[in-house]
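Asks: Have a look at the structure that comes next, please.
The numbers here are math on the coordinates, done by the rules we state, and not lab data. On a predicted model such as this, the values are computed, not experimentally measured, just so you know. Cβ placement follows ideal geometry from the backbone for every residue including glycine, while neighbour counts extend to all protein chains displayed.
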Number of protein chains: 2
Amino acid sequence: MACHHDRVAHSSASAGALLHHVRTGRARSRAELVALTGAARNTVSARVDQLIAAGLLEEGGRGWSTGGRPPTLLRFNSAAGCVLAVDLGVTSVDVAVTDLSAQVLATIGHPIDIADGPGPVLAEVDRLAQEVLAEAGLTPADVCAVGVGVPGPVEFSTGRPSHPPIMPGWHDFPIPSAFGRYDGPVFVDNDVNVMALGEMGVAGSVQDVLVVKVGTGIGCGIIVDGDVYRGAQGSAGDIGHIHVPCADGREVVCRCGQVNCLEAIAGGGALLRDARAAGLPVATTREVVERAAQGDGVALELVRHAGRTIGTVLAALVNFFNPHRIVMTGGVARAGVPLLAGIRESVYARSMPLAARALEITVSDAPDLSGRVGAALMAIEGYLDDDSVSEALTRATLAR
Amino acid sequence: MACHHDRVAHSSASAGALLHHVRTGRARSRAELVALTGAARNTVSARVDQLIAAGLLEEGGRGWSTGGRPPTLLRFNSAAGCVLAVDLGVTSVDVAVTDLSAQVLATIGHPIDIADGPGPVLAEVDRLAQEVLAEAGLTPADVCAVGVGVPGPVEFSTGRPSHPPIMPGWHDFPIPSAFGRYDGPVFVDNDVNVMALGEMGVAGSVQDVLVVKVGTGIGCGIIVDGDVYRGAQGSAGDIGHIHVPCADGREVVCRCGQVNCLEAIAGGGALLRDARAAGLPVATTREVVERAAQGDGVALELVRHAGRTIGTVLAALVNFFNPHRIVMTGGVARAGVPLLAGIRESVYARSMPLAARALEITVSDAPDLSGRVGAALMAIEGYLDDDSVSEALTRATLAR
């Protein structure tokens, strides 16, 4: 009844499937691939030869023999290509080039204003990408795929933002078209799904995890058995507009037009608004978070209160989803302890004991990196999936 | 990135995988199995022969030839065995025997009191099972597997209830031990997960669905890409104790000890309590539901109000989970329209438009049947999964 996170269900002797088995350590030789897939030895050998010719697999050393000639070991060649990883924020963008195991080869960041629209912003991304490739001694021809995370909802199949509230001018813009100088596929998703992938990549886990970003808005990436869960319209994880009762009976209007949405009460903007109302001389949410980190009592209580409010929603989601782990990320999560304390207070008060018992709630270890690592992983998994690999091998064969 | 619901990922030329391909219509001949799996023709033929010998596959007719001898068609023989399906409720039990496509061959129901404990209740189930087998002209030796749904949390891997609140005396009881007269495996799960499987079986859908049971308690079965999602400790879907604010500021103590749990405000027990407080001469929740169905204004408003409260929780879950469909079931769902009206009111008022746009919210078409069909499907899928089939074939070979 378990849901496999493996994408190679139906034709496990395909080139992509064989590659997957070697990449994930399930098989280390032709013989092990034959045993694992039940496919004919000739079929496996021919496909492995294709993958070696394409540079994706390489032969190295000899394994232990169980009688007869010792097998030649196979390993994934993560240097066979590189991907571009773009982590697009509201006020800055990070562009990295990584190898096929998401190891960063070079990276560069730059301030932008997302409200300048797709034309100027993506021209800047293009410039940065060329710079970062040059720094790594690579050319556009080396880029196998591109992964882009953006701060708004995206139709995953087309890479077009869908009415993104904080990306004016970006609705329906085909982001992949801005990467025409690269041959490979371009994958675009919202930043929270991308970060969730990145957190999984950093932690190496394949379980049921929620990655909750508390920045200006609040969103959640859902990992089911190691994969991003997207839901019917791809909008799963959109928890920022869940209704929460305001403790003091206030009605707070959200930018979406509703009242008392989670992010209108506990997001970064709300934190700044409440800090100013409490008399703190702050201009940005970051300053509130920094004050809390320095031990300012008012800022601490405001962050903890935001945590409590976020915790009321997470308590319900813990009962419903029963995750192994919740990872907090985003600008407000940098506050750390006071935010976690507020969240834990609500979650442990209101979740069912069985679901809360072994639940870990943590702050991301690598909040700055997870967007880039996630974008790289999205590109790599997309590039190395079954169909793409078969297609690439076919192209390579035809080109000979 | 999609999560496959297919359980045959890593060894797709195994006997179980070949059987799965034929059962689901992906392949109808040895040649199609070879094409689909990439396995050697000899391997496929040998395993198909084993499956035919075991009675699970049969040969029928000739397909169209694409040149050469027309292929012999294969089909799944759903009459190769039967399963027992047990739908255990608080006050009654239904036992059915079905073929391997979950078609009911005979069924029988009987009143019980779950509080009598596992000894007397499972003795009664055993008696009913023998009666229903006799009615279908079958013997215990024909039973390949048993599926049991129970009204409480279960550790799926062992089939033991885990602190079930409305099953006194059942904690940690090994339910499978009561079915020792059958050779096959016994699968036990909570009634809501089982019903969710049953709803999927009836509707034939493999998408992201929530099945919400509103009986005495309130619970939710979660289907992700066609499979039951259980979460870290197997407690996913436990939505009855999500905290909801009571509209009039009341604090209602739940049987779990917390205040204002969803089921303490909108479950069947709450409905009865509120109906009596409103002066209705009713002794059971069923009577309240019947009065609503007959147009009693007070009962109608109570049911609709329960729907609104349930809808506030579902609105949050729609944002988070973005399901294709929500199916309502259980005793209170028999009220139909007024319950749905209340739920829809809250969901459409508070869910994000993108997630709510194409969402279907319906009442189960077959609330009486889904528990038995789900229990049968759980048993069938468990019995025909990869390892079980291989094991059964090995046993059959050794017995020769």
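Asks: Under a GNM of chain A (C-alpha, springs under 10 Å), which listed residue has the highest mean-square fluctuation: A:ALA46, A:ALA232, A:ALA341?
Replies: Highest fluctuation of the listed residues: A:ALA232.
Asks: Take every residue in peptide A:37-48, count the Cβ atoms of other chains within 10 Å of its Cβ, and give the average of those counts.
Replies: 4
Asks: Note down the magnitude of the dipole of the protein assembly as shown about its Cα centre, charges +1 on Lys and Arg C-beta and -1 on Asp and Glu C-beta and zero elsewhere, to the nearest 20 debye. Spell out each step's value before the answer.
Replies: Details: 62 positive and 84 negative charges, 164 e Å.
Using only the charged Cβ atoms, the result is roughly 780 debye.
Asks: State, as an integer percentage, the relative contact order of the range B:190-276 based on alpha-carbon contacts under 8 Å between residues 6 or more apart.
Replies: With pairs under 8 Å counted, the relative contact order is 23 percent.
Asks: Here is a follow-up. Between copies, how far apart are the A:SER101 label points? List them in nm, one decimal, shortest first, with each point 7 Å from Cα toward Cβ, please?
Replies: Ordered by distance, the counterparts are at 5.0 nm.
Asks: Amide H neighbours of A:ALA80 under 5 Å, counting only residues 5+ apart in sequence or on other chains, H built in-plane at 1.01 Å?
Replies: Result for A:ALA80 returns A:LEU100.
Asks: How many angstrom lie between the Cα centre of the range A:208-236 and the Cα centre of the range A:250-277?
Replies: After rounding, the separation between the Cα centres reads 21 Å.
Asks: If you don't mind, there's one more thing I want to ask. Mind telling me which of B:ALA17, B:ALA85, B:ALA145 comes out most flexible in a GNM of chain B, alpha-carbon contacts under 10 Å?
Replies: B:ALA17
Asks: Hey, got the Cα dimensions of the range A:15-76 along the principal axes, in Å, largest first?
Replies: 30, 24, 20
Asks: Moving on to the next point. For B:ASP113, which inter-copy label distances result when the label point lies 7 Å beyond Cα on the Cα-to-Cβ vector, reported in nm to one decimal and in ascending order?
Replies: 7.5
Asks: Place the label 7 angstrom along Cα→C-beta at A:GLU59 and in each other copy, then list the distances from the first to the rest in nm, shortest first.
Replies: Label point to label point, same position, other copies: 4.2 nm.
Asks: Any idea which of A:GLY149, A:ASN193, A:PRO165 is furthest toward the positive side of the dipole for the range A:126-273, if Lys and Arg beta-carbons carry +1 and Asp and Glu beta-carbons -1?
Replies: Going by the charge dipole, the pick is A:PRO165.
Asks: Defining a contact as two alpha carbons under 8 Å apart and six or more residues distant in sequence, what relative contact order in percent does the range A:15-76 show?
Replies: On the way: 73 pairs, mean separation 22.5, N = 62.
Averaging sequence separation for qualifying contacts and normalising by length gives 36 percent for the range A:15-76.
Asks: Over all residues in B:345-352, what is the mean tally of Cβ atoms on other chains that come within 10 Å of each residue's Cβ?
Replies: The per-residue average across the peptide is 3.
Asks: Hey, another quick one. Calculated FRET efficiency, A:ALA277 and A:THR91, Cβ-Cβ r, R0 30 Å, to nearest 0.05? Don't jump to the answer; show the numbers that get you there.
Replies: Working: r = 24 Å, r/R0 = 0.80.
It comes to 0.80.
Asks: Using a Gaussian network model of chain B whose springs link C-alpha atoms within less than 10 Å, name the residue from B:LEU56, B:LEU354, B:LEU73 with the highest mean-square fluctuation.
Replies: With Cα springs under 10 Å in chain B, the top fluctuation among B:LEU56, B:LEU354, B:LEU73 is at B:LEU354.
Asks: Let me ask something additional. About its Cα centre, how strong a charge dipole does the range A:15-76 have in debye, to the nearest 20, once Lys and Arg get +1 and Asp and Glu get -1 at the Cβ? Kindly include the intermediate steps, with their values, before the conclusion.
Replies: Numbers: 9 positive and 4 negative charges, 26 e Å.
Using only the charged Cβ atoms, the result is roughly 120 debye.
Asks: Still on this model: Is there a simple number for the mean count of other chain Cβ atoms within 10 Å of the Cβ of residues in B:318-330, and what is it?
Replies: Average per residue, whole number: 5.
Asks: Further question on the same structure: Counting other Cβ atoms within 10 Å, keep those with at most 14, restrict to DSSP loop, and tell me which trypsin sites (Lys or Arg not before Pro) in the range B:182-252 are left.
Replies: Values: sites: B:LYS213, B:ARG230, B:ARG250; in loops: B:ARG230, B:ARG250.
Listed in order of number, the matching sites are B:ARG250.
Asks: Name the shape class, rounded, prolate or oblate, that the alpha-carbon gyration tensor gives for the protein assembly as shown, where a ≥ b ≥ c are the square roots of its eigenvalues, rounded holds for a/c under 1.5, and otherwise prolate holds if a/b is larger than b/c and oblate otherwise.
Replies: Taking the square roots of the gyration eigenvalues as a ≥ b ≥ c, the protein assembly as shown is oblate.
Asks: Contour minus end-to-end for B:VAL259 and B:VAL104, with contour as 0.36 nm per residue of separation and end-to-end as the Cα-Cα distance?
Replies: Extra length available between B:VAL259 and B:VAL104 comes to 51.6 nm.
Asks: Once both labels are modelled 7 Å past Cα along the beta-carbon direction, what's the A:SER45-B:THR24 spacing in nm?
Replies: About 3.2 nm separates the two model spin labels.
Asks: Projecting each Cα onto the charge dipole of the range B:198-365 (Lys/Arg +1, Asp/Glu -1 at the beta carbon, about the Cα centre), which of B:VAL298, B:ALA335, B:ALA355 comes out farthest on the positive side?
Replies: Projecting each Cα onto the dipole axis, the largest value belongs to B:VAL298.
Asks: Considering the dipole of the range A:43-145 built from charges on the beta carbon (Lys and Arg +1, Asp and Glu -1) around the Cα centre, which of A:ALA85, A:ALA54, A:LEU74 is farthest to its positive end?
Replies: It is A:LEU74.
Asks: In percent, what relative contact order does chain B have, based on Cα pairs under 8 Å that are 6 or more apart in sequence?
Replies: 16
Asks: Continuing with the same structure: How long are the three semi-axes of the equivalent ellipsoid of the range A:198-365, in whole Å, if each is the root of 5 times an eigenvalue of the C-alpha gyration tensor, listed from largest down?
Replies: Calculated on Cα positions only, the semi-axes equal 26, 17, 15 Å.
Asks: Is the shape of chain B rounded, prolate or oblate, going by the alpha carbon gyration tensor and its root eigenvalues a ≥ b ≥ c, with a/c under 1.5 for rounded and a/b larger than b/c for prolate?
Replies: prolate
Asks: Can you pull the one-decimal nm distance between simple spin-label points at B:GLU135 and B:GLN294, each 7 Å off the Cα toward Cβ?
Replies: It works out to 3.0 nm between the two label points.
Asks: Calculate the dipole size of chain B relative to its Cα centre from +1 charges on Lys and Arg beta carbons and -1 charges on Asp and Glu beta carbons; express the result in debye to the nearest 20.
Replies: So the magnitude is around 940 debye.
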